[in-house]
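**Student:** My questions all concern the structure below.
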Amino acid sequence: MATPMSASSFLDALQDEGLTVVQVGSWRTHNRNHKGPWGPVHGVMIHHTVTRGSAATVRICRDGYAGLPGPLCHGVITKEGKVHLVGYGRANHAGLGDDDVLRAVIAETSLPADNESNTDGNRHFYGFECENLGDGQDPWPEAQLLAIEKAAAAVCRWHGWNERSVIGHLEWQPGKIDPRGFSMNTMRSRIGRRLG
């Protein structure tokens, strides 16, 4: 049972990992906590945004859109490798997913196939949205991949988790494809090496 870190600790953890962090407005208190609890937290979820352009991407992830109010994550990782903090607390990023996957994340074991959507992921995961069209063609610059690695490792390091606490949206909810364009197994290997 892990209590979410404070907003200040989250900021410190990201900066201590060597990330460039941009604080967007009142991110520390921008959340969906009125819809349900945030925590206990068990892992980190990585997404792609299906957007182009850093400013527009950050705005959408902070404010949301018709039918899905923001924040849509905690941090937006843009192409140049910056992390823009847009919310803290419960965020509309994970949605319903597979309870077997959650149990594997908690146990830090191999993930089963996600074949049901019966568990509230917004309660249990930190979320990073990553600027990418998600079409399999839009490139993932190394600066951005490194920032994803560092951001996930920062959260894991603070909580004492290993790389198996980091999953992609596609591993959580049937029908999701994000992040598309790199392998989550490869990313977990990078995170594992960083955590050493």
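**Student:** When you go through Glu131, Glu163 one by one, which is the residue that is closer than 22 Å to Leu14 by Cα, free of Cβ contacts under 8 Å to residues at least 60 places away in the same chain and crowded, with 19+ Cβ neighbours inside 10 Å?
**Tutor:** Criteria check complete, one pass: Glu163.
**Student:** Only one residue in Ala147, Ala151, Ala104 is farther than 23 Å from Ile77 by Cα and either assigned to a helix (DSSP H, G or I) or touching an Asp or Glu at 6+ places or on another chain (Cβ under 7 Å) (or both). Which one?
**Tutor:** Of the residues listed, the single one that is farther than 23 Å from Ile77 by Cα and either assigned to a helix (DSSP H, G or I) or touching an Asp or Glu at 6+ places or on another chain (Cβ under 7 Å) (or both) is Ala104.
**Student:** Arg123 - would you say it is out of contact with any Asp or Glu (no Cβ under 8 Å at 6 or more places or on another chain), more than 21 Å from His159 (Cβ to Cβ), touching a residue at least 24 places away in the same chain (Cβ under 8 Å) and not in a loop (DSSP other than H, G, I, E, B)?
**Tutor:** No; evaluated as a whole, the condition is false for this residue.
**Student:** Determine which member of the set Gly168, Gly181 is at negative phi and in contact (Cβ under 8 Å) with a residue 60 or more places away in the chain.
**Tutor:** Checking each option against the conditions leaves just Gly168.
**Student:** Among the residues that make up segment 52-75, is at least one of them of a type in the set (Val, Ile, Thr), touching a residue at least 24 places away in the same chain (Cβ under 8 Å) and either open to solvent by 60 Å² or more (accessible area, probe 1.4 Å) or not in a helix (DSSP H, G or I) (or both)?
**Tutor:** No, because not a single residue in segment 52-75 is of a type in the set (Val, Ile, Thr), touching a residue at least 24 places away in the same chain (Cβ under 8 Å) and either open to solvent by 60 Å² or more (accessible area, probe 1.4 Å) or not in a helix (DSSP H, G or I) (or both).
**Student:** Also, I was wondering about something else. With respect to Leu111, is the statement that it is open to solvent by 10 Å² or more (accessible area, probe 1.4 Å), under 19 Å from Arg180 (Cα atoms) and more than 16 Å from the chain's Cα centre (by Cα) true?
**Tutor:** yes
**Student:** Against the condition over 29 Å from His34 (Cα atoms) and buried (at least 22 other Cβ atoms within 10 Å of the Cβ), how does Ala147 come out, does it pass?
**Tutor:** Here the answer is yes, as Ala147 does meet what is asked.
**Student:** If Gly136 satisfies all but one of (1) under 17 Å from Thr57 (Cα atoms); (2) small (Gly, Ala, Ser); (3) assigned to a loop (DSSP other than H, G, I, E, B), what's the number of the condition it fails?
**Tutor:** Result: Gly136 passes all but (1).
**Student:** Something else: Glu129 passes all but one of (1) assigned to a loop (DSSP other than H, G, I, E, B); (2) acidic (Asp, Glu); (3) within 16 Å of the chain's Cα centre (by Cα); which number fails?
**Tutor:** (1)
**Student:** So, of the residues in segment 12-45 that are part of a helix (DSSP H, G or I) and open to solvent by 20 Å² or more (accessible area, probe 1.4 Å), which turns out to be nearest to Leu195 (Cα to Cα)?
**Tutor:** Applying the filter and picking the extreme gives Asp16.
The values are calculated or read from the model by the stated rules, or taken from the named source; none is laboratory data. From a predicted model like this one, the values you see are computed outputs, not experimental measurements. Neighbour counts run over all protein chains shown; Cβ positions are idealised from the backbone, glycine included. Heavy atoms of the whole protein, side chains included, go into the accessibility calculation; ligands, DNA and RNA do not. Shrake-Rupley method; radii C 1.70, N 1.55, O 1.52, S 1.80 Å.
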